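The values are calculated or read from the model by the stated rules, or taken from the named source; none is laboratory data. Source: prediction; values computed, not measured. Heads up, the Cβs are rebuilt from the backbone with ideal geometry, glycines too, and the neighbour counts pull from every protein chain shown. Please note that ligands, DNA and RNA were not included when accessible areas were found on the heavy atoms of the full protein model with its side chains. Shrake-Rupley method; radii C 1.70, N 1.55, O 1.52, S 1.80 Å.
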Amino acid sequence: MNSTVENFKNIKSLINNSNIKIVAVSKTFPLQHIEPLIDYGHAHFGENKVQEAQSKWKLIRKEKPHIKLHMIGKLQSNKAKDAVTLFDYIHSLDNPKLASLLAKHENSLNKKLNYFIQVNIGNEPQKAGIDIKSLDDFFYYCTRELKLNIIGLMAIPPNDSKEPYYFKHLMELNKLLNLKELSLGMSNDFEVALKYDTTFVRIGSSIFGNRT
Ligand SMILES: *Cc1c(COP(=O)(O)O)cnc(C)c1O
C-alpha cells in the first residue's frame, strides 16, 4: 500500500471516531504525492496558499465533486474572491475587513462557505487570530450582519507545556458561542486536542511526510 494512505489509516485508527474529520494538509506537496489519498476516497484536504491551491486543485475538483477543500492559512484581502471560488471551508477568518469581503464575494458568486474564526488563544503578538476580548463582537458581526456561516473556532496554541490549558479555553469559548465544530490539533498534538472535543483535526506531516 502507498505510504501516504498507510499513514492516513494509522492516524484514523488512533482517532477512532468517525465523527471527527481529518483535514489532510497537503500544502507544499505536488498533486502526484496527494493522489493516492484522493484515489483512496478521502475527501477533506487543506492548503495554506490560494495560488498554490488553485494550481493543484482547480481541475481535480471538477472531476471529484465530493472533495472538500479547506483554507487553513493566512488569507490576504486581495485573494478573498479566489478563496470563495475555490474553497469549501476557511479556518483562518480573523478580521472584520476580510469577513466583509468574503460576504460580498459569497453574494456575487452565489456560494456559501463554512467558516472557523481563528482565535489568538495564547495572545501571542506574532500569531494570527482575533484577540479573545474582541471575539464576541466579531462573531456577532460575522453572523448577524454578514450572515456568514460560522461553524466553530480554530486556534494554533503555543506549543508549550500549557497547551492543554489553551485547548480547554478554546473549547469553552466555542461552547459559550454555541458552536458545533472545533478546529484544533495538528500532527504533534491532535491526540491532546481529542480530549477537548475537537471535530476537525488538521494533519500534514504525519500523513504526507516532512515538508522541505
Ligand atoms: C501546516 C499546518 C497544519 C499541519 O501541520 P502538521 O504539523 O504538518 O500536521 C495544520 N494547521 C495549520 C494552520 C497549518 O498551517
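The table that follows gives values for the structure above.
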item: Accessible-area composition of the stretch 63-179, carbon plus sulfur, in percent [1.4 Å probe]; result: 49
item: Mean separation of Cα contacts under 8 Å, 6 or more apart, over the residue count of the stretch 67-115: relative contact order %; result: 42
item: Debye intensity ratio in log₁₀ form over the Cα atoms of the stretch 139-184, taken at each q of 0.14, 0.20, 0.21 Å⁻¹; result: -0.38, -0.66, -0.71
item: About the Cα centre, charge dipole magnitude for the chain (Lys/Arg +1, Asp/Glu -1 at Cβ), debye; result: 560
item: GNM result for the chain, Cα springs below 10 Å: residue of SER100, SER26, SER134 fluctuating most strongly; result: SER134
item: The chain: most fluctuating residue of ALA155, ALA24, ALA43 per GNM, C-alpha cutoff 10 Å; result: ALA43
item: Kirkwood-type radius of the stretch 62-104, with distances r between different C-alpha atoms, in Å; result: 10.9
item: Residues of the chain: accessible area per residue with a 1.4 Å probe, Å²; result: 50
item: Two-site label geometry, LYS104 and LYS175: point separation in nm, points 7 Å out along Cα→Cβ; result: 3.9
item: Rg/Rg_ref, the stretch 89-212, where Rg_ref = 2.2 N^0.38 Å and atoms are Cα; result: 1.07
item: The chain - mean residue ellipticity at 222 nm from DSSP helices (-39,500 (n - 2.57) per run, n ≥ 4, rounded to 500); result: -12000 deg cm²/dmol
item: Cα-Cα over 20 Å, subset of LYS21/LYS97; LYS79/LYS133; LYS127/LYS162; LYS27/LYS79; LYS97/LYS175; LYS74/LYS97; result: LYS21/LYS97; LYS79/LYS133; LYS97/LYS175
item: Column: log10 I(q)/I(0), Debye, Cα scatterers of the stretch 4-122, q = 0.13, 0.14, 0.15, 0.24 Å⁻¹; result: -0.54, -0.62, -0.70, -1.43
item: Highest-fluctuation residue, ARG61, ARG144, ARG202 considered, GNM on the chain with Cα pairs under 10 Å; result: ARG144
item: Spin-label pair LYS162/ASN17, simplified geometry with 7 Å Cα→Cβ offset, distance in nm; result: 2.5
item: More than 29 angstrom apart: percent of Cα pairs within the chain; result: 22
